[in-house]
Amino acid sequence: MVVSAGAGILLIALYVVIFSFSAQDAEQSGSLSRTVSGKWVDMVNSLSRRNWSQAVVGQWIDYFEYPIRKLAHFTEYACMGVLVYVLWSQWMKRGKALYLLTMAWVALSAAADECHQLFVPGRDGNFADVCLDTCGGAAGILLCLLLGKIFDRCRKKHMLRYAKKA
């Protein structure tokens, strides 16, 4: 139950973060994406010791702003997929129903988020973002499935070793 409580709290926090990002007007949202892109480009410039000119840095920021924004969408919803899956797996048996219910929840959350943006100045709802967010959720669920299989395999190996010793 501790796991489900933690997942529930983190899920609520994630919804607050997503809602607050979606509530930003177009200028605020674009500024945040540009700032993140700038930090990333500055880090790459520093680590590579290229000493790019301000013009080149600006070009790289422009180039990476859109992919970084979309990566943020994907990552937020991948986290949501993990958290919803972990939360609901406390009450549901692993299987198709759990996967499909988690996917439906993530897709519905993504659609609601895009609808919310329809009411924010300068923003609009985007079906492509709903699809991207849903793919992020699917990636989160797949990560859970992969880690679950690895955990099960390790547990079985441990049980076999213990059985051989007994």
(message) With the requirement that a residue be of a type in the set (Phe, Trp, Tyr) and loosely packed, with under 14 Cβ neighbours inside 10 Å, what does region 16-43 give you?
(response) Phe19
(request) Could you list, in sequence order, all residues of region 115-132 that are in contact (Cβ under 8 Å) with a residue 40 or more places away in the chain, over 12 Å from the mean Cα position of the chain (by Cα) and at negative phi? (result) His116, Gln117, Val120, Pro121, Arg123, Asp129
(message) Show the residue pairs meeting these rules: Cβ distance below 9 Å; 6+ apart or different chains; first residue within region 29-58 and free of Cβ contacts under 8 Å to residues at least 60 places away in the same chain and closer than 22 Å to Arg69 by Cβ; second residue exposed (fewer than 10 other Cβ atoms within 10 Å of the Cβ) and not aromatic (Phe, Trp, Tyr).
(response) Asn45/Asn51
(message) Here's a check for you: in region 103-124, which residue that is out of contact with any Gly (no Cβ under 6 Å at 6 or more places or on another chain), buried (at least 16 other Cβ atoms within 10 Å of the Cβ) and of a type outside the set (A, V, I, L, M) is nearest to Phe19 (Cα to Cα)?
(response) Asp113
(message) Could you check region 13-36 and list, in sequence order, the residues that are in contact with a Gly (Cβ under 7 Å, 6 or more places away or on another chain) and at pLDDT 90 or above?
(response) Asp25
(request) With respect to Val120, determine if the residue is closer than 30 Å to Val3 by Cβ and either among the aliphatic types (A, V, I, L, M) or touching a Lys or Arg at 6+ places or on another chain (Cβ under 7 Å) (or both). (result) no
(request) Scan (1) in contact (Cβ under 8 Å) with a residue 40 or more places away in the chain; (2) over 13 Å from the mean Cα position of the chain (by Cα) for the single condition Cys135 breaks and write down its number. (result) (2)
(message) Give me the residue from region 102-138 that is charged (D, E, K, R) and in a helix (DSSP H, G or I) and, out of that set, farthest from Tyr66 (Cα to Cα).
(response) Asp113
(request) For region 45-69, name all the residues that are buried (at least 16 other Cβ atoms within 10 Å of the Cβ) and within 30 Å of Ala13 (Cα to Cα). (result) Ile61, Phe64, Glu65, Ile68, Arg69
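The values are calculated or read from the model by the stated rules, or taken from the named source; none is laboratory data. Quick caveat, the model's predicted, so the values are computed rather than measured. Every residue, glycine as well, gets a Cβ built from its backbone with ideal geometry; the counts of neighbours run over all protein chains shown.
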